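I'd like to ask you about the structure that follows.
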Amino acid sequence: MFIPYGRQSINEQDIEAVVNVLKSDYLTTGPKIAEFERKVADYTGAKYAVAIANGTAALHAACYAAGIGEGDEVITTPITFAASSNCVLYCGGTPVFADINPETYNISSVDIERKITSKTKAIIAVHFTGQPCEMDQIHEIADKHNLIVIEDGAHALGAVYKGKRVGTLSDMTTFSFHPVKHITTGEGGMILTDNPKLYERLKLFRTHGITREENLLTKNDGPWYYEQRDLGFNYRITDIQCALGTSQMDRLPGFLEKRKKIAEQYNEAFAGNNQIQLPYQKEGCDNAWHLYVIRVKNGNRKEVFEKLRAAGIGVNVHYIPVYQHPYYRSHGYAQVVCPNAEEYYKECISLPMYPDLKEEEQEYVIKKVLEYVR
């Protein structure tokens, strides 16, 4: 038996949706892409959605649309997957790491303020584990310094901040549809925005910088005519993937409910163990529970991790502070220190969290965690 930390949930409805596309005329650049975009936009309340190849491509596109370039600094968190800062490098900008809030593990608005310089152009706020960042404070800082706010919502589809779903709070919000996320398209991502100009730039970037839209053309030689307006990428997503995503969106409320129930059961089981720090939940936020992270306070995180893996439990660590990776250390980040992030990294373990986790499997995980963390 092996229990992963996360996995997809695929049912017959999902399979049928994909098979129908395989039998259709369009495998890519067809009607399912717009259908999926509309489904996610309507769910979140956003005006525009751009489906794209993956979550990293979504971040890259958002930085491009924001105009990030050489000499620009973008503040983000070190406790995230490397894509949240790599996307800045792709555009020629410079990531700047602000420390995390020691309670929520999200980026600290106080440290964001400290890291702002005359070169700062944007903030990438990552809703780590599915808990929304302190967006009111972040927007206050952004408004004060005229900064763009991009939300990395890879963990947060379905999360709510003060009554509003993530996807409607900032200039742009990105999502990932990797198999361990709330819904999956295999690989895939999306950017949401309410800004029509950003929307047009995102669409252009996804398709080599090429457009066929008449209102964007400088001339028109005939119905075949198209123009490359900028240097974009082939970041298109397929109808096959979008059919799966559209079907998965119908199941999202059930997925979120199950994740919340799993988190509640973990909380109840570990509440009496003073060597386990439970995830803190900020008031006014509805967590989407992409991850359930505990902190092992007895100094034996590595030993506990190895024992759980040996017991068939696929625990993981999210994340190594990005600036500690060899690439970053050799490119100017060797002296960066974020004390809260580094302390968190020494103690964190992600436990299995996905909708198809069986009750007996969770009971086994709980039993083993309590056996090893004393």
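The values are calculated or read from the model by the stated rules, or taken from the named source; none is laboratory data. Just so you know, these numbers come straight off a predicted model, no measurement behind them. Every residue, glycine as well, gets a Cβ built from its backbone with ideal geometry; the counts of neighbours run over all protein chains shown. Ligands, DNA and RNA are excluded from the accessible area calculation, which covers all protein heavy atoms including side chains. Shrake-Rupley method; radii C 1.70, N 1.55, O 1.52, S 1.80 Å.
Counting only the backbone N, which residues of region 193-221 are under 18 Å from the spot 7 Å out from the Cα of Tyr43 toward its beta-carbon?
From region 193-221, the list is 193-194.
Given a 1.4 Å probe and heavy atoms of the protein chains only, how would you sort His331, His139, largest accessible area at the top?
His331, His139
Under 5 Å between amide H atoms, partner at least 5 residues away or on a different chain: which partners does Thr28 have, H built in plane at 1.01 Å?
Here Asp239 satisfy the definition.
If you don't mind, another one. Springs between alpha-carbon atoms under 10 Å, Gaussian network over the chain: tell me which of Ala51, Ala122, Ala271 tops the mean-square fluctuations.
Ala271
Angle between the Cα long axis of helix 196-206 and the longest principal axis of the chain, 0 to 90 degrees, nearest 10?
The helix 196-206 is inclined about 90 degrees to the chain.
Ok, one more. Could you compute how much accessible surface Ser85 exposes when probed at 1.4 Å, giving the result in Å² to the nearest 10?
Its accessible surface works out to 0 Å², give or take rounding.
Give the carbon-plus-sulfur fraction of the accessible surface of region 1-109 in %, rounded to a whole number; probe 1.4 Å, heavy atoms of protein chains only.
52 percent
Exceeding 23 Å between C-alpha atoms, which entries from my cross-link table qualify? They are Lys47/Lys164; Lys39/Lys181; Lys39/Lys219; Lys119/Lys282; Lys258/Lys367. Walk me through the numbers before you get to the answer.
Numbers: Lys47/Lys164 14 Å; Lys39/Lys181 17 Å; Lys39/Lys219 34 Å; Lys119/Lys282 31 Å; Lys258/Lys367 20 Å.
Over 23 Å apart, Cα to Cα: Lys39/Lys219; Lys119/Lys282.
Using a basic spin-label model with each label point 7 Å from the Cα along Cα→Cβ, how many nm lie between Ser24 and Ala310?
According to this spin-label approximation, the distance is 5.1 nm.
As an exercise, identify the chymotrypsin sites (Phe, Trp or Tyr not before Pro) in region 155-225 lying in DSSP coil whose Cβ has no more than 14 other Cβ atoms within 10 Å.
Answer in residue order: Trp224, Tyr225.
Here is a follow-up. Given Cβ point charges of +1 (Lys, Arg) and -1 (Asp, Glu) and nothing else, what value in debye, to the nearest 20, does the dipole of region 200-258 about its Cα centre take?
Values: 9 positive and 9 negative charges, 38 e Å.
Here the size comes out at about 180 debye.
For region 138-292, which whole-number percentage of the solvent-accessible area (1.4 Å probe, protein heavy atoms only) is attributable to carbon and sulfur atoms? Mind dumping the intermediate values first?
On the way: 3340 of 7110 Å².
Heavy-atom surface of region 138-292 belonging to carbon and sulfur, 1.4 Å probe: 47 percent.
Oh, and also: Please determine, in degrees from 0 to 90 and to the nearest 10, the orientation of helix 12-22 with respect to the longest principal axis defined by the Cα atoms of the chain, where the helix direction is its Cα long axis.
30 degrees
Quick one: dipole size for region 52-211, taken about the Cα centre, charges +1 on Lys/Arg Cβ and -1 on Asp/Glu Cβ, in debye to the nearest 20.
Approximately 400 debye in magnitude.
Can you tell me the accessible area per residue over the chain, all protein chains present, probe 1.4 angstrom, in square angstrom? Write out the running numbers ahead of the final one.
Numbers: 16500 Å² over 374 residues.
With all protein chains present, the chain gives 44 Å² per residue.
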